[in-house]
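Student: Supplied in structure tokens, the structure appears directly below.
The values are calculated or read from the model by the stated rules, or taken from the named source; none is laboratory data. What you see is a predicted model, and the numbers here were worked out from it, not measured in a lab. Quick reminder, even Gly has a Cβ in these numbers, built from the backbone with ideal geometry, and neighbours come from all protein chains shown.
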Amino acid sequence: MTQLRRVFLWQSRLLVAPLLIGSLKGVLAFAIFCLPGKIHEPWNFYGSKMPLDWLYLFAAWDSTFYHAIAADWYPSLMNALWAFFPLYPATIRIVGLFGLDLWLAEFLVAEIAAFTSILVFQKVVSVYLTRTEVISVTILYFLLPPVFVFTTVSYSESLFLLLSLLTWYYHTKKRDGTSAFFASLTALTRVYGLLILVPLGYDFLCSRQLKKLGFLAFPFLAFVGWLWYAYLKTGNVLAPFSAQSFWYTDTASQVRESIRLFIMYGDPSVFRFLQRFQLLIIFGIFFLGLITWLCIRTWKIDRSLGVYSSTFLLALWLLPVVSIQISPLVSLPRLLSLIFPVGVSLRIKDRRWVLLMAGLLIVLDLLAWWMFLFTDTFH
């Protein structure tokens with residue numbers, strides 16, 4: 001009976017973090033809704049026709065593209081929509097079949113996935129940390145501004161995070177068939193989804209479970225299937241990658257050209273040009289340094305998670321270098337926040353530091369959410 005009571009208490013404690021984070025999101029949303037001086041910009045929906053007045057707080061930038069795909073699916077011609085992977089808009093479309101407005105469906109899918117991802121994250125973390133560390137680590141990870149904001153708004157990040165966590169959770173439970181299923185869904189959610197195969201394969205090789213490497217074929221086939229569908233629709237098998245060219249801007253072209261001139265001819269104009277983005281660069285370097293440090297700490301906790309973190313980090317660095325599809329600098333913190341193993345390494349023994357960090361992060365979360373909606377420097 002005592003053991004049963006302990007299990008019940010532990011399961012109840014697992015609700016502390018998601019309820020706390022969820023309540024905080026509601027409080028900050030209300031604060032932003034009441035703030036004066038909000039500015040209507042092309043990338044947000046403030047003042048637009050939505051079923052509920054407050055829904056604009058959760059929809060900006062890429063949200064409109066997911067909504068467009070959910071409403072009319074992908075076009076037969078190449079355009080910007082092909083840059084977005086299908087699982088999130090498909091889920092919105094399915095929920096919309098029950099009569100819900102698609103904006104509301106988009107919001108609900110993101111929020112349910114975000115809430116569930118906190119629960120699953122705690123299950124994953126409990127494999128590596130003590131029970132007393134699990135809740136504080138979870139709160140700190142989901143309070144990191146990019147994680148907090150992009151698991152709140154109508155983006156695919158919360159669904160991607162949930163599916164990658166489920167993939168790893170079932171892998172730790174030796175249910176590799178179920179893990180491969182969720183890995184397949186992860187590969188259909190974002191372009192970086194296939195990276196989850198790296199730690200799975202590493203684990204199988206290290207444990208000499210070579211037969212289980214066959215499970216990795218399922219996510220790969222799901223990814224290939226998406227490319228094949230893109231080919232049937234557009235005639236371009238690489239449509240999801242080619243569509244990235246629609247996101248090129250004059251600023252991105254100027255950055256590339258100034259860097260090229262500096263490398264080839266030593267032209268220092270690149271430094272004068274980048275001064276315009278000094279605050280963004282400082283924040284980006286700080287966050288990149290933080291994630292890199294956390295990735296290093298992750299190695300000490302679990303080598304497989306360290307491999308995943310490092311591979312993800314390396315991919316974010318190499319893809320812009322080896323490909324013309326360059327992710328905007330402002331998106332780097334958002335993409336780095338998808339590396340869930342770094343959250344495991346956020347353990348801090350002193351509770352006073354935990355409280356101090358949580359308080360600071362809450363202030364930054366409010367600022368980051370406001371910037372997402374009303375500036376063009378955080379999306």
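Student: Part of a helix (DSSP H, G or I), over 25 Å from Val149 (Cβ atoms) and either modelled with pLDDT of 85 or more or of a type in the set (D, E, K, R) (or both) - does that describe any residue in the stretch 323-344? Reasoning before the result, please.
Tutor: In the first step, residues of the stretch 323-344 are kept if they are part of a helix (DSSP H, G or I); the result is 329-336, 341-344.
Within this subset, residues satisfying the condition of being over 25 Å from Val149 (Cβ atoms) are none.
No: the stretch 323-344 contains no residue that is part of a helix (DSSP H, G or I), over 25 Å from Val149 (Cβ atoms) and either modelled with pLDDT of 85 or more or of a type in the set (D, E, K, R) (or both).
Student: Within the stretch 112-139, work out how many residues are within 18 Å of Ala368 (Cα to Cα) and under 16 Å from the mean Cα position of the chain (by Cα). It would help to see each step written out before you state the result.
Tutor: Going through the stretch 112-139, the residues within 18 Å of Ala368 (Cα to Cα) turn out to be 114, 139.
With under 16 Å from the mean Cα position of the chain (by Cα) added as a condition, the list becomes 114.
Looking only at that region, the number is 1.
Student: Still on this structure: From (1) under 17 Å from the mean Cα position of the chain (by Cα); (2) farther than 27 Å from Phe204 by Cα, pick out the condition that doesn't hold for Tyr74.
Tutor: Tallying (1) under 17 Å from the mean Cα position of the chain (by Cα); (2) farther than 27 Å from Phe204 by Cα, Tyr74 fails exactly one: (1).
Student: I want to confirm something. Restricting to the stretch 354-371 and keeping residues that are at pLDDT 90 or above and out of contact with any Leu (no Cβ under 8 Å at 6 or more places or on another chain), which single residue is farthest from Thr151 (Cα to Cα)?
Tutor: My answer is Leu356.
Student: It is to be established whether one or more residues within the stretch 161-174 are on the phi < 0 side of the Ramachandran plot, in contact (Cβ under 8 Å) with a residue 24 or more places away in the chain and more than 23 Å from the chain's Cα centre (by Cα).
Tutor: Within the stretch 161-174, the subset on the phi < 0 side of the Ramachandran plot is 161-173.
Now narrow it down to the ones that are in contact (Cβ under 8 Å) with a residue 24 or more places away in the chain: 161-169, 171-172.
Then keep just the ones that are more than 23 Å from the chain's Cα centre (by Cα); that gives none.
No, the stretch 161-174 contains no residue that is on the phi < 0 side of the Ramachandran plot, in contact (Cβ under 8 Å) with a residue 24 or more places away in the chain and more than 23 Å from the chain's Cα centre (by Cα).
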